[in-house]
Amino acid sequence: MSRKKSNPRPAEPSLEQWEALYEVAVNLKKLAPWRALSDTDILILELPGQDEPAYCSVMGHGDMSYGIAVYPGNESLARLRRILEQDAHSPELLMLEQNCLVCNFGDREEIEAEDRAVMKQLGLRFRGQGQWIYFRYMIPGQFPWFLDAGQAELLTAALQNLFMLCKCYMEGKLKPDFDAGKTLKRWYDPEKDLWMNAVAPLPVPRMERTLDLQDDLLLARLKRSKKAGTRLEVDSFYLPVPVQEDKHSPPVGVHMALLVDKDSGLVLDQNFSGPDEPDYVIAPSMLVNYMEEHGRPAAVYVRSDWLGSLLRNTCKAVGVRLVEDEGVPVLDGLLDELMGSLMMGLAMGDDFA
């Protein structure tokens with residue numbers, strides 16, 4: 001697996017940025033919007049300077065884990081929906097799919113030295129469970145890590161406007177029917193020079209990325225290839241195993257793709273890729289490699305619309321049936337064994353760095 005190339009580190013937040021971020025986080029903690037909103041009530045913010053809306057989830061309604069997550073852009077919301085809809089055999093396999101900025105209200109044991117240094121500079125003191133405020137970001141393929149200056153700026157703006165939107169809702173001024181697909185929305189109207197709050201429909205974006213086989217000669221060969229008669233199951237996911245280059249770099253996960261024979265249960269191919277390799281090309285490449293060597297399968301089975309969108313055009317072009325609504329039971333059994341082994345290894349403290 002290749003390592004991520006070293007790039008200049010983004011600027012860290014200034015003390016002024018940290019102060020503004022902690023100030024609004026403390027205010028949100030006092031407001032406690034989780035008393036009125038559930039984890040699945042997704043709110044919309046249209047922030048100046050951002051091409052797409054930011055979507056906010058308020059966590060803590062069940063008195064379990066308190067926090068606020070901000071998902072910038074429509075694809076981030078689509079990734080969140082995959083988690084809410086449990087679009088994977090094991091929820092752990094979606095953990096590293098997220099793209100979000102998070103304000104956590106946690107316990108002292110969750111705080112790192114970097115957090116303590118900022119708190120000390122600001123003169124902040126926290127006591128008790130669920131009272132320690134800290135911030136992280138996640139991008140697909142990476143474990144939670146510390147904010148840079150740009151992320152701190154975006155998160156501050158989002159939380160400031162979320163505070164006003166939640167306050168408006170908790171005062172009874174807006175009454176969305178969340179169960180009917182409605183939500184709360186806040187945006188800036190430059191003509192009126194005012195921030196506006198309203199009830200609005202929640203969009204339902206899907207993760208889709210269409211891929212076409214660009215090699216015309218290869219496509220022609222695959223069309224002429226023999227029919228293998230096999231039925232295949234294919235899936236791809238991030239393994240929740242942290243690999244860290246050094247203590248200053250965020251831990252990343254390993255992306256894995258599996259190709260199995262649906263009838264015999266044999267693993268026909270597996271692929272591991274690093275963080276600088278696009279995760280969406282691995283499974284399609286694996287399928288093309290199989291067809292080059294063995295011929296066209298009778299059918300290819302996938303679990304999700306996301307993977308289906310990646311394979312749909314290639315399968316159609318070469319005359320292979322793509323099945324997207326019958327599940328992948330053989331892969332499910334393999335993943336049960338794989339996740340059991342991984343969780344046992346992590347519990348025993350195995351070092352994967």
**Study point:** Other-chain or far-sequence residues with amide H under 5 Å of THR230's (modelled H)
**Key:** ALA298
Study note, to complete from the structure: Karplus-derived 3J(HN,Hα) from phi for the stretch 249-265 (6.51 cos²θ - 1.76 cosθ + 1.60, θ = phi - 60°), whole Hz, x at Gly and Pro, runs 10, x, x, 10, x, 9, 8, 10, 10, 10, 10, 10, 7, 5, 8, 8, x
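What does the extension gain come out to for GLU324 and GLN214, with contour length at 0.36 nm per residue minus their alpha carbon separation?
Working: separation 110, 0.36 × 110 = 39.60 nm, distance 2.35 nm.
My answer for the length gained is 37.2 nm.
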Study note, to complete from the structure: In the stretch 100-200, the GluC sites (Glu not before Pro) that sit in a DSSP loop and have at most 16 other Cβ atoms within 10 Å of their own Cβ are GLU112, GLU171, GLU191
Practice item. Specify which residue in the list VAL318, VAL118, TRP195 is farthest towards the positive end of the charge dipole of the chain, using unit charges on the beta carbon of Lys, Arg (+1) and Asp, Glu (-1), about the Cα centre. Key: TRP195
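To the nearest 20 debye, what charge dipole does the chain have about its Cα centre, counting +1 at the Cβ of each Lys and Arg and -1 at the Cβ of each Asp and Glu? Walk me through the numbers before you get to the answer.
Values: 38 positive and 54 negative charges, 99 e Å.
Dipole of the chain, to the nearest 20 debye: 480 debye.
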Point to revise | Convex hull volume per residue for the stretch 182-288, taking Cα atoms only, in Å³ | key: 250
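Multiply the residue separation of ASP261 and ALA36 by 0.36 nm, subtract the distance between their alpha-carbon atoms, and state the gained length in nm to one decimal.
On the way: separation 225, 0.36 × 225 = 81.00 nm, distance 4.85 nm.
That works out to 76.1 nm of additional length.
Given a cut-off of 19 Å, what percent of all Cα-Cα pairs of the stretch 27-144 lie beyond it?
Working: 3630 of 6903 pairs.
Here the long-distance tail beyond 19 Å is 53 percent of all Cα pairs in the stretch 27-144.
As a test of the formula, what do you get for the chain when each DSSP H run with n ≥ 4 contributes -39,500 (n - 2.57) and the sum is divided by the residue count, at 222 nm and rounded to the nearest 500 deg cm²/dmol? Before the final figure, lay out the partial values.
Values: 8 runs with 115 residues, N = 353.
The per-residue figure over the chain is -10500 deg cm²/dmol.
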Study note, to complete from the structure: Spelling it out for GLN142: with amide H atoms placed in the peptide plane at 1.01 Å from N, the residues 5 or more places away or on another chain with amide H under 5 Å from its amide H are GLY253
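Hey, what did the chain get for relative contact order, percent, Cα under 8 Å, at least 6 apart?
Numbers: 631 pairs, mean separation 58.9, N = 353.
With pairs under 8 Å counted, the relative contact order is 17 percent.
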Check your understanding: Lys/Arg Cβ at +1, Asp/Glu Cβ at -1, dipole of the chain taken about the Cα centre: which of ASN99, ALA157, LEU335 is farthest positive-ward?
Key -> ALA157
Check your understanding: Accessible area per residue, 1.4 Å probe, Å², for the stretch 1-123: what's the number?
Key -> 53
Revision key, fill the gap. Taking a crude spin-label model, label points 7 Å out from Cα along the C-beta direction, the GLU92 to GLU19 distance in nm is 4.4
Study note, to complete from the structure: Once amide hydrogens are built 1.01 Å from N within the peptide plane, the residues lying 5 or more places from GLY73 or on another chain with amide H under 5 Å from its amide H are ALA54, TYR55
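Mind counting lysine pairs for me in the stretch 172-312? Cα separation below 21 Å, and the two need to be 8 or more apart along the chain or on different chains. Before the final figure, lay out the partial values.
Working: LYS173/LYS182; LYS173/LYS185; LYS173/LYS192; LYS175/LYS185; LYS226/LYS262; LYS227/LYS262.
Value for the stretch 172-312: 6.
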Review point. Percent of alpha carbon pairs in the chain separated by more than 36 Å?
Key: 31
Practice item. Could you run the Karplus curve 6.51 cos²θ - 1.76 cosθ + 1.60 with θ = phi - 60° over the stretch 123-139 and give me ³J(HN,Hα) per residue in whole Hz, x for Gly and Pro? Key: x, 8, 9, 10, 9, x, 5, x, 10, 8, 9, 8, 10, 9, 10, 9, 10
Exercise for review: Please report, as a whole percent, how much of the solvent-accessible surface of the chain comes from carbon and sulfur atoms (probe radius 1.4 Å).
Suggested key: 49
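For the stretch 203-321, what relative contact order do you get, as a whole percent, if you take Cα pairs closer than 8 Å and at least 6 residues apart?
Values: 194 pairs, mean separation 43.2, N = 119.
RCO, the stretch 203-321: 36 percent.
With a Förster radius of 22 Å, plug the Cβ-Cβ distance of SER341 and SER285 into 1/(1 + (r/R0)^6) and report the FRET value to the nearest 0.05. Display every interim value, and only then the final one.
Numbers: r = 26 Å, r/R0 = 1.18.
After rounding, the FRET efficiency stands at 0.25.
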Exercise for review: May I ask you to give the solvent-accessible area per residue for the stretch 138-188, in square angstrom, as obtained with a 1.4 angstrom probe?
Suggested key: 45
Point to revise | Computed label-point distance, nm, for sites GLU109 and GLN131 using a 7 Å Cα→Cβ extension | key: 1.8
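Please give the length that would be gained between ARG9 and ASP332 if that part of the chain were fully extended, namely 0.36 nm times their separation in residues minus their C-alpha to C-alpha distance (nm, one decimal). Before the final figure, lay out the partial values.
Numbers: separation 323, 0.36 × 323 = 116.28 nm, distance 3.92 nm.
Fully extending the segment from ARG9 to ASP332 adds 112.4 nm.
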**Study point:** Protection proxy ranking of 263-271, 210-218 - average other beta-carbon atoms within 10 Å, highest first
**Key:** 263-271, 210-218
Review point. From the residues GLN131, THR40, VAL281, which one has its Cα farthest along the dipole of the chain in the positive direction, the dipole being from +1 and -1 charges on Cβ of Lys/Arg and Asp/Glu about the Cα centre?
Key: THR40
**Study point:** Whole-Hz couplings from phi, Karplus 6.51/-1.76/1.60, listed for the stretch 150-155; x for Gly and Pro
**Key:** x, 5, 4, 4, 5, 5
Exercise for review: Give me the percent of DSSP beta bridges within the stretch 33-188 that run antiparallel, rounded to the nearest 5.
Suggested key: 90
Exercise for review: Calculate how many DSSP beta bridges within the stretch 196-341 are antiparallel, expressed in % of all such bridges and rounded to the nearest 5.
Suggested key: 70
Point to revise | Convex hull volume per residue in cubic angstrom - Cα atoms of the stretch 212-353 | key: 116
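The values are calculated or read from the model by the stated rules, or taken from the named source; none is laboratory data. All of these numbers come straight from a predicted model, not from anything done at the bench. So basically every Cβ, Gly included, is an ideal-geometry build from the backbone, and we count neighbours across all protein chains shown. With ligands, DNA and RNA removed, areas are computed over all heavy atoms of the protein, side chains included. Shrake-Rupley method; radii C 1.70, N 1.55, O 1.52, S 1.80 Å.
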